[in-house]
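Take a look at the structure below.
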Amino acid sequence: MALNPQDIVRKEFREALRGYNQADVDLFLDEVVEEFTKLAEDNQKMKVRLAALQQEVARLREGRGPVTTPGQAGGTAEDAQRLESEARARVRRLLEEQIKLIDAATPSATVQKIERDAPQAPQPEAPVGEQREPFWAGE
């Protein structure tokens, strides 16, 4: 299931006896939406950047792109190979950056952040029946 920020905003939880504090949950969901939106925007920017670099590589492979550097009269096969290797290196660096971003946003990291930031759950209270004094205590 693809998840987007609107899905998080629209999600409603049923109320339950002894449930979580709704205000705390809402605040946390707001933070999740904000972070999720940032990651989605970064991902889209990286996709655009990757597409541009792929087009540049394709153009260089076809020989349509500039094979010469400014000030040179003509390009050689060595120049074309050098430019192609530079373009490949740029694409590789871009992909490595993308992988690092994805690794940084893995669900396990999110779970760890939730566990770290979540307030400690109160200890369950003893059942009501166990809190009463025995019937003979008043005698």
Task: Nonlocal amide H pairs with TYR20, under 5 Å, H built at 1.01 Å - done: none
Task: Gain upon complete extension [ALA51, GLU15; 0.36 nm per residue less C-alpha separation] - done: 8.4 nm
Task: Accessible-area order (highest first, 1.4 angstrom probe) of the listed residues GLU97, GLU84, GLU31, GLU78 - done: GLU78, GLU31, GLU97, GLU84
TODO: Alpha carbons only, please: Rg and Dmax for region 1-49, in angstrom.
DONE: 14.1, 50
Open item on the list: Need the full-extension length gain, ALA23 to ASN43, defined as separation in residues times 0.36 nm minus the C-alpha distance. One decimal, nm.
Closed with: 4.2 nm
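The values are calculated or read from the model by the stated rules, or taken from the named source; none is laboratory data. Keep in mind that what you see is a predicted model, and the values were worked out from it rather than measured. Areas reflect the complete protein model, heavy atoms only, side chains present, ligands, DNA and RNA absent. Shrake-Rupley method; radii C 1.70, N 1.55, O 1.52, S 1.80 Å.
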